[in-house]
Amino acid sequence: MNFALILFLLTVFTMCAWLLDLLILAPARRRAAALRVATWERDQLARGAPADASARRRIEDGLVRRPAWLEYTAGLFPVFIVVFLLRSFLFEPFKIPSGSMIPTLLVGDLILVNKYHYGVRLPVINKKIIANHDPQRGDVMVFRFPRDTSIDYIKRVIGVPGDRVEIGSGVVRVNGQALTEPYIAELPGYTGMWEVPEGELFVLGDNRNHSSDSHDWGFVRQEWVVGKAVIIYWPIDRIRVLTHPNLVHAAP
């Protein structure tokens, strides 16, 4: 079970508790409080004692206040809904798990992923409902791993639909043009040629000879795209915006 699904279920559960409290339990507590205060005031009047305002408030507050189980369910709904909406539609944090993107990204770097750059998707089922930008060559992109879509990977987009990607003699060519890649750790030591199908992407890690990527397991379907990596926000000495590299743009 992935984190997005867990967050969704927690949001739904706390929302149900919040609605239950708002529509049924809280009004019942207020009615009980009003009845208890009225009884207390009659008792005070019968004894000839003044109706102390602070005592009345203590009785009301004690009866109207949410019980502990609601504080930890309905009370957390605003927090969960804000986190769910931010993470689902705006930005999602991501921790770099491996060295496949060295030197651009190091193991343990914390980054923010722009979830709406490539379009708005429904959470959990990852279905696009609003289109935005298409992935571009050079983008650092988070996506669901084709062999296990419960795992997120991060690589750089090298080929888009219709491109012919060739790797040989340490050079990456797209549609016959060699790419200028100032971000790579070392030249690739493997060879191959791939035609990128419609609706799919060819991705490589910047640490070319130490990356499991499209040269190994194939293309990434665009429906598996999570978002574009935009900023490193931790550790503090590595905070920076991930700018788009000055690649040679391959001819169509």
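A compact table of results
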item: DSSP loop GluC sites (Glu not before Pro) with at most 16 other Cβ within 10 Å excluded, longest remaining stretch of the chain; result: 1-185
item: Range in the chain, longest, excluding exposed chymotrypsin sites (Phe, Trp or Tyr not before Pro) [loop by DSSP; at most 12 other beta-carbon atoms within 10 Å]; result: 73-189
item: Linear extension gain, ASN126 paired with LEU187, 0.36 nm per residue minus alpha-carbon span; result: 18.5 nm
item: Solvent-accessible area, 1.4 Å probe, carbon plus sulfur percent, for the chain; result: 62 percent
item: Exposure rule at most 14 other beta-carbon atoms within 10 Å, DSSP loop trypsin sites (Lys or Arg not before Pro): the chain longest free segment; result: 148-252
item: Residue-normalised accessible area of the stretch 128-202, given per residue in Å² at a 1.4 Å probe; result: 47 Å²
item: Angle in degrees between helix 26-47 and the longest Cα principal axis of the chain, rounded to the nearest 10; result: 20 degrees
item: Helix-only mean residue ellipticity at 222 nm for the chain, each DSSP H run of n ≥ 4 adding -39500 (n - 2.57), per residue, nearest 500; result: -9000 deg cm²/dmol
item: Per residue, in Å², the accessible surface of the stretch 6-70 once ligands and nucleic acids are set aside, probe 1.4 Å; result: 68 Å²
item: Using alpha-carbon coordinates, inclination of helix 77-89 to the longest axis of the chain, degrees; result: 20 degrees
item: Degrees separating the helix 3-20 axis from the principal Cα axis of the chain, which is the longest one; result: 20 degrees
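The values are calculated or read from the model by the stated rules, or taken from the named source; none is laboratory data. Note that this is a predicted model, so its numbers are computed, not measured. With ideal geometry, Cβ positions are generated from the backbone for all residues, glycine too; neighbour counts draw on all protein chains shown. Note: accessible area is taken over every heavy atom of the protein model, side chains too, but ligands, DNA and RNA are not part of it. Shrake-Rupley method; radii C 1.70, N 1.55, O 1.52, S 1.80 Å.
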